[in-house]
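Notes for the one structure printed next.
The values are calculated or read from the model by the stated rules, or taken from the named source; none is laboratory data. What you see is a predicted model; the values in this text were computed from it and never measured. All Cβ positions, glycine included, derive from the backbone under ideal geometry; neighbour counts span all protein chains shown. With ligands, DNA and RNA removed, areas are computed over all heavy atoms of the protein, side chains included. Shrake-Rupley method; radii C 1.70, N 1.55, O 1.52, S 1.80 Å.
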Amino acid sequence: MDNSDTIHTLFVEVLLPLNLKNLFTYRVPVELNEEIIIGKRVSVPFGKKKILAGLIFSIHEKPPKDYEARYIIDVIDNDAIVDQNQLELWNWISNYYMVSLGLVYNAAMPAGLKLEGESKMVLNPDFESDNTILDPKETILIEAIRSAKELSITQATSYLKAQSIHKYVKSLYLKGAIFLKDDIQKNYSAKTASYIRINRDLANEDQLNEIFNQLEKRAKSQLKALMTFIAHYGMDGECEKTILVKHEVTNASINALVDKKIFIQEKREKSRLQFSSNENPIEELNEAQNQALIKIETGFKDNKTVLLHGITGSGKTHIYAHLIEKALNQKQQVLYLLPEIALTSQLITRLQEYFGKKLLVSHSKFTSNERVEIYQAIASGESYLIVGTRSAIFQPFKNLGLIVVDEEHESSFKQHEPAPRFNARDTALYMAHKNKTPIILGSATPALESYYNAQQAKYHLVNLTKRHNHSKLPQIEVIDMKAQKKQKRKKGIFSDTLIEAISDAKKSGKQTILFQNKKGYVPVLECNVCAWTPKCQNCDISLTYYKYQENLRCHYCGYKQEVVNQCVTCGNKGIELIGYGTERIEDELSLYLPELSIRRMDYNTTRLKNAHTKIIDEFASGKIDVLIGTQMVAKGLDFENVNTVGILNADHIINFPDFRSNERAYALITQVSGRAGRKKDLGKVYLQTSMPDHPIIQKIIDHDYLGMYETDLNEREKFNYPPLYRLIQITVKHKDALELYKLGVIAKNKLRTYFGSSLLGPEKPYVGKIRNWYILHFVLKIPNQGGLIKAQKAKLSLAIQELEKAKEFNKARIIIDVDPL
């Protein structure tokens, strides 16, 4: 027999969007052999009753040894929805961050592209069964479809009681008896719009005059609708029905003209993606920026990651725009990563001026349908600039020509919950290295690890030391709050110096930003007799008081309760407010300076889609005098009229118990300070603290990043912390505190046999219970050497597997976090 006629039995490894460590082997019905491609989705049986949509990860001809492979039910897609590059990226994330491939798949794909689906069969109304020879089982299928009107492959399997029915389906399809209807996208529906045009059969002047005369006598509102359309769109134009209504035309008059066949209405698909028509030339770079650009391109030619260390206001975005323009002109795609959604709105406005229809935005506030359309647009391979937060790393890039990671020091690039706990910056570095894509990391306060890599010549360092347009860095005035209190100069939570500065800014037509990294009204209510505080029922944390919602709320699980006015322990009615959040700052400032227009920008005021954009636009237009915010206001925002910045409590930032606290304090305070005086006027920053002599404050005043870097690096060398060591955090959770303590001892003994003194813990974290799960942490320190890190991870995987097999851990959870932040 000719080898070309040999029928191969194929098997596929299927990836399911579940927290399972293994791929699953399924057998391919011979009739579907030609449709099997890596990256397509298939519907498969899973367990006794479930049918899931999984992804074909690999194809081979080896049957599993330990069990009989079940058949796939159906091939869902006509074309692959995931390419080999994406699968390799997922595999790297799974291996590096020690997480199941299924959870990576679940995080990477838009919801509308990963749910169950299969083809449905419907009868061809023109099929004549009398003239066609049918197999008995084909006849049963035809009758079943006729009765049900449409039938899925799964339903057909139960009718025929056969494991593989694809040969009968394929035969009926080829005989013209049935059509196959794709039913995969119940969770994705294309957006449609109704378009209106004038009936082209009414084009001659006599007919139109007759219509005008009739409408003039009987239907003046319809005449108005017709005349309005012609005035705006002419005889040959068209417009969306919703837009025509905005011209003070009623739906009823439009519908009447459609019924009279004067208007033709057509429903068509419409993209949800919104593009700007602007494409203005990018401003020329100044001399310092131009020199930086030349050095950046030198780094790219040497195939090195470029670290752009540019002070706040130095015009880093301007340089990025020139690099982006070059890549887009070469028909390449560009990924621009940002740490926060709050940053995207203002940046997008700037970039739209240059790149218009080439710009796509990708972040979590979009609907499922919008995400699918963004995914499909990028997968088309067209040259786009994709601006997004960390989830944008999973887009199906084609011919990626440049990656920009802005504010690269930000911890928001790290995913904490749920898994996969990946760092988007580090994942972008892997992508760039693997595909030889130029990548630039930019920050005014680079991550200590990034700057260390630059000092070791692993990265190509480029410095920008002058502000754009010759503006100067703001002056920082440290206000000693202990002295303020002693001298009775404090006004509530404010120093008199800051109140006066805010008032002066208003008088001179300038604006102020106030920073406090706590939302709500106060973080703690406390009895002034016995120090009782209301705590969350599910978490080991005090409830935050929200004055405007009149409730107490947990920031970890969302638990709420009514405000308490009496201590539940001693009955005392003296409940004090301890500390302050953004709500209290807004409330107290309005008492001292009632003439001000004040707004907050924190999680609670920006939860709705486009809420960030609205607040930022109002502040930029001058409608708001004072913007109070959490760290959302610290990152990359550019307001030319801000000359005053107030940092309400630097102590909380500096004293946070973490080996990165100095680095983070320097970065956060410097970034917030950088919002002041970005144009012509000299900015002023007021830093309230009870520790004015703290070393990190002096370095912030002197803008001494290098001093902070050297001091912190020396400390980390002594105690084996990054960048000289890598960290892996192992978390054990249980719903019983006593059981968790016992498990901690077992886990410690097991892990110590593998890692000895490299393992620290177990330790109870700052918040020891979240959502009714009690928590213990271990930390593994590994010297930063590639081979050793890989070997230690392999040992850790083995140790965790042994722990999970132990019956004591049946009700426990073990979580691994590689490179925790």
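Each of residue 535 and residue 577 was given a label point 7 Å from its Cα along the Cα-to-Cβ line. The distance between the two points is 2.5 nm. Max-minus-min Cα coordinates of segment 517-668 on each principal axis give 53, 40, 31 Å, with the largest extent listed first.
Here the translational diffusion coefficient of segment 10-102 follows from Stokes-Einstein with Rh set to the Kirkwood radius across Cα pairs; for 4 °C and 1.567 mPa s it amounts to 95 µm²/s. What would the Debye equation give as log₁₀ I(q)/I(0) for segment 685-743 at q = 0.17, 0.22, 0.28 Å⁻¹, counting only Cα atoms as equal point scatterers? Those come out to -0.75, -0.89, -1.10, one per q. Residues in the chain average 48 Å² of solvent-accessible surface per residue, probe 1.4 Å, ligands and nucleic acids excluded. Three principal axis extents of segment 573-646 based on alpha-carbon atoms, in descending order, are 46, 28, 18 Å. Against the compact-protein benchmark of 2.2 N^0.38 Å, the Cα-based radius of gyration of segment 620-756 scales to 1.46. Taking 0.36 nm per residue of separation and subtracting the Cα-Cα distance, full extension of the segment from residue 547 to residue 199 would add 119.3 nm. The residues neighbouring residue 787, those whose beta-carbon lies less than 15 Å from its own, together hold a net charge of +4 under the Lys/Arg +1, Asp/Glu -1 convention. Placing R0 at 30 angstrom, the Cβ-Cβ distance between residue 795 and residue 67 gives a FRET efficiency of 0.50 after rounding to 0.05. When the Debye formula is applied to the Cα atoms of segment 478-533, each taken as the same point scatterer, what base-10 log of I(q)/I(0) results at q = 0.24, 0.27, 0.29, 0.31 Å⁻¹? Once normalised to I(0) and log-transformed, intensities are -1.04, -1.06, -1.08, -1.10.
With all projection directions averaged, the alpha carbon convex hull of segment 696-821 covers 9.3 nm².
Starting from the Kirkwood Rh over alpha-carbon pairs, what translational D in µm² s⁻¹ does segment 382-458 have by Stokes-Einstein at 4 °C and 1.567 mPa s? Value of D from the Cα-based Kirkwood radius: 97 µm²/s.
A simple spin-label model places pseudo-atoms 7 Å from Cα toward Cβ; at residue 21 and residue 482 they are separated by 5.4 nm. Relative to its residue count, segment 273-388 spans a Cα convex hull of 117 Å³ per residue. Label positions at residue 614 and residue 31, each projected 7 Å from the Cα along the C-beta direction, are separated by 5.4 nm. Evaluated over the Cα positions of segment 513-564, the convex hull gives a direction-averaged projected area, one quarter of its surface, of 4.4 nm². Sorting the Cα pairs of segment 716-770 by distance into bins of 5 Å, from 0 upward, gives 4, 16, 24, 22, 17, 12, 5, 1 percent per bin. Determine the sum of side-chain charges near residue 703: Lys and Arg each +1, Asp and Glu each -1, restricted to other residues whose C-beta is under 13 angstrom from that of residue 703. Here the charged neighbours net out to +2.
Only helices enter this figure: runs of n ≥ 4 DSSP H residues, each worth -39500 (n - 2.57), summed and divided by the residues of the chain, yield -10500 deg cm²/dmol at 222 nm to the nearest 500.
With Rh defined as the Kirkwood radius, the inverse of the mean 1/r over Cα pairs, the Rg/Rh of segment 212-345 is 1.29.
Run through the DSSP bridge list for the chain and note the antiparallel percent, rounded to the nearest 5. Just about 60 percent of them are antiparallel. A viscosity of 1.002 mPa s and a temperature of 20 °C, combined with the Kirkwood radius over Cα pairs in Stokes-Einstein, give a translational diffusion coefficient for segment 430-485 of 142 µm²/s.
Based on the reciprocal of the average 1/r between different C-alpha atoms, the Kirkwood radius for segment 489-598 equals 15.5 Å.
For segment 533-591, the list of GluC sites (Glu not before Pro) that fall in a loop by DSSP and count at most 15 other C-beta atoms within 10 angstrom reads 550. Kirkwood analysis of segment 420-550, using all unique Cα-Cα pairs, places the hydrodynamic radius at 21.0 Å. Atom-type composition of the exposed protein surface of the chain places 48 percent of the accessible area on carbon and sulfur (1.4 angstrom probe). Stretched out straight at 0.36 nm per residue, the stretch from residue 154 to residue 228 would grow longer than its current Cα-Cα span by 21.3 nm.
Remark: the residue 132-residue 750 segment gains 215.5 nm on full extension, using 0.36 nm per residue and subtracting the alpha carbon distance.
Taking other residues whose beta carbon is less than 12 angstrom from the beta carbon of residue 496, and scoring Lys, Arg as +1 and Asp, Glu as -1, yields +4. In the chain the Cα-Cα distances spread across 20 Å bins starting at 0 as 12, 37, 35, 14, 2, 0 percent of all pairs. Pair-distance distribution P(r) for segment 731-802, from all Cα-Cα distances in 10 Å bins starting at 0: 19, 47, 27, 7 percent. In order along segment 683-689, the phi-based Karplus estimate (6.51 cos²θ - 1.76 cosθ + 1.60, θ = phi - 60°) of 3J(HN,Hα) comes to x, 10, 10, 10, 10, 7, 7 Hz; Gly and Pro are listed as x. A compact globular protein would have a Cα radius of gyration near 2.2 N^0.38 Å; the ratio found for segment 767-808 is 1.54. For q = 0.31 Å⁻¹, what log10 I(q)/I(0) does segment 654-708 give under the Debye formula with an equal point scatterer on each alpha carbon and no solvent? Relative scattering, expressed as log10 I(q)/I(0), comes to -1.38. Kirkwood-type hydrodynamic radius, segment 338-476: 16.6 Å, calculated from all non-identical alpha-carbon pairs. On a C-alpha basis, how far is the centre of segment 639-662 from the centre of segment 34-79 in Å? Whole number, if you could? Computed from Cα coordinates, the inter-centre distance equals 53 Å. Residues whose amide H falls under 5 Å from that of residue 175, counting only those 5 or more places apart or on a different chain, are absent, with hydrogens built in the peptide plane.
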